[in-house]
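The values are calculated or read from the model by the stated rules, or taken from the named source; none is laboratory data. Since we're looking at a predicted model, the values are computed, not measured. Cβ placement follows ideal geometry from the backbone for every residue including glycine, while neighbour counts extend to all protein chains displayed. Just so you know, the surface numbers come from the protein's heavy atoms only, side chains and all, with ligands and any DNA or RNA stripped out. Shrake-Rupley method; radii C 1.70, N 1.55, O 1.52, S 1.80 Å.
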Amino acid sequence: MLNSTAFNYIDVLDKASDASWTRESLISNNIANVDTPGYKRQDLDFQTTLKTELGRTKYEDLDQRIRNVDLSNLNASAYTDLASYSYRLDGNNVDIDTENVELASEQIRYEALIEGIDEEFSRMRVVLSS
């Protein structure tokens with residue numbers, strides 16, 4: 001078996017894109033439930049999970065940190081946002097304007113992650129064709 005770190009960035013980008021896709025789904029679900037009485041918004045925070053995992057390594061440069069990331073620890077889970085107080089009488093805490101902005105932001109993040117994965121594969125193709 002060949003031990004290579006060639007896919008380290010791709011693996012981390014893949015985990016990030018999965019989390020971004022999941023967050024988009026959660027935000028879309030929040031928007032769909034904007035008029036559901038008692039509904040509490042849901043979200044996902046992958047950035048904190050990634051920062052925590054990258055901070056666990058003893059190395060200083062990003063290449064070495066990525067090389068030593070434990071992918072099994074890069075699993076962010078959805079949470080229900082009970083801290084956002086509801087100003088509505090029905091107990092729903094979804095703000096449609098905030099959710100629309102978050103959805104647009106997450107869509108841009110997802111596209112950037114997919115583009116990053118594509119560029120990593122493009123670099124590999126250049127090296128292999130040389």
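Could you please give the count of residues in region 106-130 that are among the polar types (S, T, N, Q), loosely packed, with under 13 Cβ neighbours inside 10 Å and in a helix (DSSP H, G or I)?
Count: 2.
In region 74-95, what count of residues is obtained for those that are surrounded by fewer than 15 Cβ atoms within 10 Å (Cβ to Cβ) and either modelled with pLDDT under 80 or among the acidic types (D, E) (or both)?
Total meeting the criteria: 6.
Of the residues that sit in region 96-105 and are among the hydrophobic types (A, V, I, L, M, F, W, C) and open to solvent by less than 80 Å² (accessible area, probe 1.4 Å), which one is nearest to S20 (Cα to Cα)?
The qualifying residue nearest to S20 (Cα to Cα) is L103.
Hey, any hits in region 65-73 for a residue that's in contact with a helix residue (DSSP H, G or I) (Cβ under 9 Å, 6 or more places away or on another chain), of a type outside the set (S, T, N, Q) and loosely packed, with under 12 Cβ neighbours inside 10 Å?
Yes; the residues of region 65-73 include at least one that is in contact with a helix residue (DSSP H, G or I) (Cβ under 9 Å, 6 or more places away or on another chain), of a type outside the set (S, T, N, Q) and loosely packed, with under 12 Cβ neighbours inside 10 Å.
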